[in-house]
Structures are given as C-alpha cells and as structure tokens.
1. Quick one: which helices (runs of 4 or more DSSP H) lie wholly within segment 20-108 and hold at least 3 residues that are of a type in the set (D, E, K, R)?
2. Quick one: in segment 128-151, of everything that is part of a loop (DSSP other than H, G, I, E, B) and out of contact with any strand residue (DSSP E or B) (no Cβ under 9 Å at 6 or more places or on another chain), which residue is surrounded by the most Cβ atoms within 10 Å (Cβ to Cβ)?
3. Report, by residue number, each residue of segment 350-363 that is within 24 Å of the chain's Cα centre (by Cα) and either at pLDDT below 95 or surrounded by 15 or more Cβ atoms within 10 Å (Cβ to Cβ) (or both).
4. What about Phe108, is it aromatic (Phe, Trp, Tyr), surrounded by fewer than 17 Cβ atoms within 10 Å (Cβ to Cβ) and either at pLDDT below 95 or farther than 21 Å from Ser213 by Cα (or both)?
5. When segment 262-286 is examined, which residues are found to be free of Cβ contacts under 8 Å to residues at least 60 places away in the same chain, closer than 24 Å to Leu362 by Cβ and crowded, with 24+ Cβ neighbours inside 10 Å?
6. So is Ile259 within 16 Å of Phe19 (Cα to Cα) and in contact (Cβ under 8 Å) with a residue 24 or more places away in the chain or not?
7. Kindly list the number of the only condition in (1) in contact with a strand residue (DSSP E or B) (Cβ under 6 Å, 6 or more places away or on another chain); (2) crowded, with 23+ Cβ neighbours inside 10 Å that fails for Ser47.
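The values are calculated or read from the model by the stated rules, or taken from the named source; none is laboratory data. This structure is a prediction, so every number in the text was calculated from the model and none was measured. FYI the Cβ positions are ideal-geometry reconstructions off the backbone, even for glycines, and counts take in every protein chain you see.
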Amino acid sequence: MQLVFSDAQFWDEFLPLTFTRPVAEMRCGILTFSERWKKLLQSEEISYLTEDFLQQKFPKPAKVESVFLVPNFLPTEKVLSQIRELKLGEALVYEDELLAVRINMQNFSLNQIEKMTDIHEDLLFFRKPTDLFSFNEKALEFDFGLLTKGRISAELSETNGFLGDKKDLFIEDGAAVEFSTLNTKTGKIYIGKNAEVMEGCNLRGPIALCEESKFNLGAKIYGATTIGPHCKVGGEVNNIVIFGYSNKGHDGFVGNSVIGEWCNIGADTNSSNLKNNYASVKLWNYRTKRFADTGLQFAGLIMGDHSKTAINTQLNTGTVVGVAANIFKSGFPPNLIESFSWGGMKGDEKFKLEKAYEVAELAMARRKVEFTDIDRNILKHIYTEF
C-alpha cells in the first residue's frame, strides 16, 4: 500500500526547517517521520503532497489506492490499528483535522470520503519546530522500542563506565564506544550502526547517536538529544535535535535547539537557551511574519539547512536562522537571521547564489552525496521567493 504524506496543514509552521524538505522528512526521536511510518505500516512505497518547488525532489503519489496521512504525530496502538484497518473511503479525524484516509489517488478528491471517525485519544502531535526538542524524549522512547524489539544489542566494551539498566542501552553492529561514561537512569541510549563515541565522552540519556555519526573527544551530552546520521558533535549539548549531515565538532554550548542538514557550528559557538529574566522565549513564525511566544522558558536555536557560524559566534536566546546563512560578524546577531545572509546582521548583503551552490556542493561531496540540479533549483527558489 502506498503511503502519501501530506504537507497541507503544517508545512509553513515548521519553516525554516521545511524550506528544503516535506514535514515527513524531519527527524525526531531516532527516525524521521517517514521512516517511522514505513516501519509501523510495513510499506516501502512512499510519496508526498508538498510544495511545488519541493515536489521535483520528493516524488508525487502514483495514481493507485493509498493511505493518505498527516505524518507528524506518534500513534497509540489503537490509532495505529485503526489506520491499518481503514477501508476505501474511510477517514480518521483528530481535533477537527483530517488525520488519515484510505483513498484512490487516481481521482484524488476528499469527496471520496464516505465515513469519518473521530479519534478521542490524546495523541502526541508535533505542530511547530520547538516540539521537535520538547517531545524528543517521548519520541526516543517510542523509536527505541520500535527498532530494538526482539533484537540483542552489541556488547558495551569494558573500558566504559555504565549506570542504569543494560536493557535501556542498544548498540548497533559496527559502533565503537570506548573509555566513556553512559547513564541510562534518566533515559535510553541508542548508538547507531558504525557510529563512534570517542574517549572521554559523558552521555546522560535519553540519547540517539545515529548511523555513522560521532561524539568527539570529551563531549558532554545531556538528553533528550538526537544526532542524526553522518554528524560530528563535540563540546556540550542539551536537548537538541540535529537532522543529519551537520557538524558541531568543537567546544561551545547548544541547548534546546533544532539544526537541519549540511550545517556547521564553528568552534566555541554558544547559543543561549535561557533569557536573563527567565521569561518565556519568543520565536519568529514565518507564516504570521511575527515573533510569537513559545510558552517555553528554554529555547535556543532553530537553524535551516546549509547555514554556518564562524568561530566564537554568540547567539541570543530564541534565534531562528534561515537556509544557507553565514554568521560571522562580531556582536550578537538578531533573533531572526535571513536565508542567505552574508554576515548574520540585519541588512547585510545576500550570499551570492552561485557561491552558495559551490559551498553546498563541496560540503556534500565530503559525505559522498551529490549536489544535484534539483538541489540547485530548490535553493534558487528559496533565494528568489522567500
């Protein structure tokens, strides 16, 4: 059965993270939303209904019978069963929003819905960027169970110190963990395939270090933290989510934050996650074009893909950075740093698009990932339209 992930309700609420991807391709817990649903519904056929400029990279649905799904929530066992048992023309509704429907994409129309069932359970729904770190502990717990059920972890080397219950630690084949401390008393720890925890690291769960990623020497990692695949992380982090292919390799603190792909956090970059007056943090909302109160006392950095900070960069509490921004000027940058900013300050010139292509191509080549003409077109659209 084809899964069709819908961006209709939430795409602009997750900007700048969704400038370069559909909602389903964001990561939280251990998996992306699309990876999680593929496992839950045992389907390899996935497609997307997203923005036109992203549709060239993320495939449109084939015109076949499908499950049309809003992806950004964690299902209960009952709701998962209801989704699996949907018949053609049947839909599930949650808080007056369409959640899932079995439908024929040959003649796609919500008029095909013949029966709608309201869900009255409380679901963990992700509605804005800060939810990705705020709900990350629950997502990690969910994914840990999903990925490790019935499996046996690789052994933890005796060079390490360990606190907690070994059932809350899972190490995939090929991972290396030596001369570090791991504490699962506060949450589960997942070490992905071929990942590495270098000597002297201190890990306090819940934590996911995904495939091919590294914690550099002496890193201090507080949960709930997710480091996506092919990343390098050092220094001190607390309750952050990195989607993948990004580096924060050196000393400096980042907390309560979400960082996209192909980002680089320069040495001794520090991101404040708490205001001096302990007030709740406001963040820029791209849909309303204004700062909105998050209701959170702790909120740090939201950074779109391909953005970078220079050494010794100091970021204010509640800073939002767009796509392909370069932050290198002295002093605190503003709380909104526009996409393709060259410097990071308000009114700075834009990073030249051809140069942005060049940097992206070089950065991606280091991970043996091709920077395609489609990737160019997506960056060009963001550059000209946003």
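1. 33-41, 77-84
2. Selected residue: Lys149.
3. Within segment 350-363, Ala356, Tyr357, Val359, Ala360, Glu361, Ala363 qualify.
4. Judged against the criteria, Phe108 is a match.
5. Listed by number, the residues that qualify are Cys263, Ile265, Thr269.
6. Considered against the rule, which asks whether it is within 16 Å of Phe19 (Cα to Cα) and in contact (Cβ under 8 Å) with a residue 24 or more places away in the chain, Ile259 comes out as yes.
7. (2)
Here's the yes/no breakdown for (1) in contact (Cβ under 8 Å) with a residue 40 or more places away in the chain; (2) surrounded by fewer than 16 Cβ atoms within 10 Å (Cβ to Cβ); (3) not assigned by TED's automatic domain parsing to the domain that holds Val281:
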position	(1), (2), (3)
Asp293	no, yes, no
Ile311	yes, yes, no
Asn316	yes, yes, no
Val323	yes, no, no
Pro333	no, no, no
Ser339	yes, no, no
Asp348	no, no, no
Ala365	no, yes, no
